[in-house]
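A short reminder: the numbers here are calculations on the coordinates, not readings from a lab. Please read these numbers as outputs of a predicted model, since none were measured by experiment. Please note: Cβ atoms are built from the backbone with ideal geometry, for glycine as well, and neighbour counts cover all protein chains shown.
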Amino acid sequence: MVLFHLKTFGCQMNVYDSSRIVDLLSENGMDLTEDETNADIIILNTCYIREKASAKIFSELGRLKKLYKDKNPVFAVIGCVAKAEGENIFKRAPFVSIVLSSQKYHLLPELLNKALIEKKIIKEEELQEKKKNKTKLSHLINTELSGLEKFDCLPKQKNSEKVAFVQVQEGCNKFCTYCVVPNTRGREISRDEQSILDEVENLQKVGAVEINLLGQNVDCYNGLDKDGNKSSLAKLIKKIAKFENVKRIRYTTSYPSEFSDEMIELHAIEPKLMPLVYLPIQAGSNEVLHKMNRRYTREQYLELIEKLKNANPNIQISSDFIVGFPNETEEDFQQTLDIVKRVKFIQCYAFKYSPRPNTVAQKMDGQIDLKIKSDRLKRLQVELRKSQDAFNKSCVGRVMSVLFTDVSKTDNQYIIGKNEYLQPVIVKADAKLVGTIQNVEIESASYANLKGKII
Ligand code: SAH
Ligand code: SF4
Ligand code: F3S
């Protein structure tokens, strides 16, 4: 039995890719192990978005290598660091056997088997046996690969978490001046609608209740439908909403100036579409947005939110922010704080700008001192916390719908789930309600979660 251990860093895309890799390798006779000390194969699915994220990969490789002292497992580095650093990984960590980008992970079974034989972990004869259950691979090895061919090579999911993720699009064409994603994930390309619908149909048969559609710019989704016409995110969601077992639909990430009127209208009429819109603004100053190559102004952003809230007053907004972008002045930063006060975001991620290799912003004059970045991040977080706190408190007394997914680890009389707005909700209830959606009256709220009772 060949055991593989898989560690995932980075965004939901990587989480999705990792889950598909588990399916793929299991189909090829390999077993996932959570035990990081006892695997034949170690796979790191990596993130390159900020310096810290990518530095972590090399320290993690070093730590794992030490753990295995005299044993000699196969190390594979896949994902965005693999794409960006390529050959360099073999130089810095010569014990790594495989470096593979996110677009090519369907080649893993073939490459891993080769490495297992080289390292004498398995014998060639055993591989011949295994080849019988292999998904179609060999004809792809010598072809030029686009970002989407992997989807033809992945087996159907045999079971699904209640909350399932489905990638609808790969890559990004926006080229924000700070961002590595267009380089690590390639150009934007949408999956055919039918391939997504087949995946969703299967997922809801094998357990999924909530479907999260993933793309770096989901609003730009334009895969072909059955008749060869261009679809859209709204059209795709309408079709997904028809599956009876699918009770909730989410999509991430939205790009403000690509958000369509069709989607705004859908938010007004489709009850399965959750009323939380993840709409990264990044900065509140038009000057900074322009330098970031974000193609909207603060006024346009605020207008979009107004339209959304007019269409559906239940809609709430979450966002991402970057502070300390080159040349960001205190006045620019004040504009970001001002946006937070106006929009009252309910959950946000805020980051210090991190200069990344081969991006336009890395070469800009006016890089900001780390101390100033840290100070702005702290001040922004205080403001974000205030607005999240205020929203959590406003939930007390309301009835919210909660999809329960877990029994509490600290006390098994309690179960935990997420409401429409992805806030964790805890109630005292029988574990058999895990997997169901219940109406919960919220009785108390802290910054981290809500508590209530099922009604
Ligand atoms: N496609 C999404 C985000 C992808 S990356 C979008 O356009 O919004 C996730 C987040 O990481 C971004 O929203 C941004 O806030 C942050 N990020 C990306 N590059 C960064 C960098 N160089 N430094 C700091 N934060 C960065
Ligand atoms: Fe990066 Fe911008 Fe594309 Fe988002 S839209 S992935 S931030 S380049
Ligand atoms: Fe990181 Fe790649 Fe996602 S760089 S954020 S794992 S697309």
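Tabulated results
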quantity	calculated
Between 0 and 90°, nearest 10: helix 193-205 axis offset from the chain longest Cα axis	90
The chain - Cys residues lacking any other Cys C-beta under 4.7 Å	CYS11, CYS47, CYS80, CYS153, CYS172, CYS220, CYS348, CYS395
Kirkwood Rh (inverse of mean 1/r, distinct Cα pairs), the stretch 291-435, angstrom	18.0
At 0.890 mPa s and 25 °C, Stokes diffusion of the chain via Kirkwood alpha-carbon radius, µm² per second	103
Charge dipole (debye, nearest 20) of the stretch 277-366; +1 at Cβ of Lys and Arg, -1 at Cβ of Asp and Glu	340
Length-normalised contact order of the stretch 156-274 in % [C-alpha pairs under 8 Å, at least 6 apart]	27
Between 0 and 90°, nearest 10: helix 51-67 axis offset from the chain longest Cα axis	40
Within the chain, helix-based [θ] at 222 nm, where runs of 4 or more DSSP H residues each add -39,500 (n - 2.57), nearest 500	-10500 deg cm²/dmol
Across LYS174/LYS344; LYS291/LYS344; LYS91/LYS371; LYS71/LYS162; LYS104/LYS158; LYS7/LYS156, pairs whose alpha-carbon gap is larger than 28 Å	LYS91/LYS371; LYS71/LYS162
Angle in degrees between helix 298-311 and the longest Cα principal axis of the chain, rounded to the nearest 10	80
The stretch 399-454: relative contact order as a whole-number percent, Cα under 8 Å and 6+ apart	35
Sites matching trypsin sites (Lys or Arg not before Pro) across the stretch 24-88 that sit in DSSP coil, with at most 10 neighbouring C-beta atoms within 10 Å	LYS69
Packing rank of 96-109, 16-29, where each peptide gets the mean count of other beta carbons within 10 Å, highest leading	96-109, 16-29
Relative contact order (%) - criterion: Cα under 8 Å, at least six apart; region: the chain	9
